[in-house]
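Since the structure comes first, as structure tokens, the remarks are kept for the end.
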Amino acid sequence: MARILLSAAYVFLVVILTAGCVQEQDVPQASGKQLSNAVHYSVSMGANKNLAKSDADGADRHYEEVQPPTGTWTDGRGIGSAIAAGYKKPCEEVSALLHIIEPEKAKGIETRTIRYKLTERDRQGQLIRGVAEHTEHMDLELAYSNFSTKLPDHEGTYYLLTVEIMDGNAVEDTVLSLLTVPVQKVEAVLKLDQTTYSRSAKPVLTMLNTGPAPLFFGLDYKFERKEGDDWTVVPTGKNIGVEAIGYELAENGEWEQTIEFKHIAPGQYRIGKTVNGQGTSIEKTVFAEFEVR
């Protein structure tokens, strides 16, 4: 049997979605309780503090029973592909597609069998069981072949989705991807480097992923002041935008961000960040409290 080593090219600690900067603009001041020139904003792009690994990136996984991709059909033969990959939720629908891009180069594809498979794997990539399988031939009139199925209702597991182009029993080319379904739980802790700051300081935030699902979040944060038993948003003299960047933090990972505030009135405050669990529907906001003197 052929053996294949697959390392998914996945950036697991910092994923840049879009880049851009919002121009700063004057915004109305809240009345009375803050100084008119109070300002707070992010002054760093954030940084990874350790080398925690994501399940979707990295551990070298061996798929002993899978024919390696050859590019026979998908590299220069007029056949394109699209396939689900990355983090998924239990019961989520996943799909794979082959389509004819250049009919003249794809001659003969109609005689090939297209075999789709979804198999469950352990963390090292070893086969546990087959989940779904389907075979068909390319429809030349529609110029595509596709397959979709729902993932089982399991958490903390892995799947391999494969598309094999076959001539008889011989596999000529393969398209494949790893799917990760994390445990449906999000646990995060936000810490500060101090508990007390001056009115003009640069607090350092540290986000820790203490749960099983990878976290996704941005540079934005909540800045609130305690007023009696309530927390109210701290206004600023400028609305200072930050780059639209998203970060992913693997299990046991740590991420650091520095913010700055100037002329903040003394009192009790808290900073919060909202995180989403990758491959889950869970969103939560975590806070760290501090005092300004």
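Let's see how each residue does on (1) out of contact with any His (no Cβ under 6 Å at 6 or more places or on another chain); (2) surrounded by fewer than 22 Cβ atoms within 10 Å (Cβ to Cβ); (3) not in a loop (DSSP other than H, G, I, E, B):
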position	(1), (2), (3)
VAL163	yes, no, yes
THR174	yes, no, yes
VAL183	yes, yes, no
VAL189	yes, yes, yes
THR206	yes, yes, yes
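Being of a type outside the set (Lys, Arg), surrounded by 14 or more Cβ atoms within 10 Å (Cβ to Cβ) and either over 25 Å from the mean Cα position of the chain (by Cα) or within 18 Å of GLY71 (Cα to Cα) (or both) is the filter here, so list the residues in the stretch 102-126 that pass it. Once the filter is applied, which keeps residues that are of a type outside the set (Lys, Arg), surrounded by 14 or more Cβ atoms within 10 Å (Cβ to Cβ) and either over 25 Å from the mean Cα position of the chain (by Cα) or within 18 Å of GLY71 (Cα to Cα) (or both), the stretch 102-126 yields ALA106, ILE109, THR113, ILE114, TYR116.
This table checks each residue for (1) in the same structural domain as GLU155 (by TED's automatic domain parsing); (2) of a type in the set (A, V, I, L, M); (3) within 30 Å of LEU151 (Cβ to Cβ).
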{"position": "LEU219", "(1), (2), (3)": "no, yes, no"}
{"position": "PHE223", "(1), (2), (3)": "no, no, no"}
{"position": "GLU260", "(1), (2), (3)": "no, no, no"}
{"position": "GLY279", "(1), (2), (3)": "no, no, yes"}
{"position": "PHE287", "(1), (2), (3)": "no, no, no"}
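Is it the case that some residue within the stretch 79-86 is assigned by TED's automatic domain parsing to the domain that holds LEU151, in a loop (DSSP other than H, G, I, E, B), of a type outside the set (A, V, I, L, M, F, W, C) and out of contact with any helix residue (DSSP H, G or I) (no Cβ under 7 Å at 6 or more places or on another chain)? There is no residue in the stretch 79-86 that is assigned by TED's automatic domain parsing to the domain that holds LEU151, in a loop (DSSP other than H, G, I, E, B), of a type outside the set (A, V, I, L, M, F, W, C) and out of contact with any helix residue (DSSP H, G or I) (no Cβ under 7 Å at 6 or more places or on another chain).
Residues in the stretch 220-259 that are over 23 Å from the mean Cα position of the chain (by Cα), surrounded by 14 or more Cβ atoms within 10 Å (Cβ to Cβ) and modelled with pLDDT of 90 or more: PHE223, GLU224, ARG225, LYS226, TRP231, ILE259. Which of the residues that make up the stretch 268-278 are closer than 19 Å to GLY228 by Cβ and either exposed (fewer than 15 other Cβ atoms within 10 Å of the Cβ) or of a type in the set (A, V, I, L, M, F, W, C) (or both)? Matches in the stretch 268-278: GLN268 only.
A search for C-beta distances below 7 Å between a residue of the stretch 141-154 that is farther than 18 Å from ALA82 by Cβ and in the same structural domain as TYR87 (by TED's automatic domain parsing) and any residue that is among the hydrophobic types (A, V, I, L, M, F, W, C) and surrounded by 13 or more Cβ atoms within 10 Å (Cβ to Cβ), counting only pairs 6+ apart in sequence or on different chains, returns PRO152/VAL131; HIS154/VAL181. With respect to being in contact (Cβ under 8 Å) with a residue 60 or more places away in the chain and within 27 Å of the chain's Cα centre (by Cα), VAL171 falls outside the description. Listed conditions (1) surrounded by fewer than 16 Cβ atoms within 10 Å (Cβ to Cβ); (2) touching a Lys or Arg at 6+ places or on another chain (Cβ under 8 Å); (3) over 24 Å from ARG123 (Cβ atoms) are all met by SER281, apart from (3). Among the residues making up the stretch 118-145, those that are in contact with a Phe, Trp or Tyr (Cβ under 9 Å, 6 or more places away or on another chain) and among the charged types (D, E, K, R) are GLU120, ARG121, ASP122, ARG123, GLU133, GLU136. When you check HIS134 against the structure, is it in a loop (DSSP other than H, G, I, E, B) and either over 23 Å from GLU283 (Cα atoms) or over 19 Å from the mean Cα position of the chain (by Cα) (or both), yes or no? So HIS134 does not fit the description; no.
The values are calculated or read from the model by the stated rules, or taken from the named source; none is laboratory data. These figures come from a predicted structure and were not determined experimentally. Backbone-built Cβ (ideal geometry, glycine too); neighbour counts: all protein chains shown.
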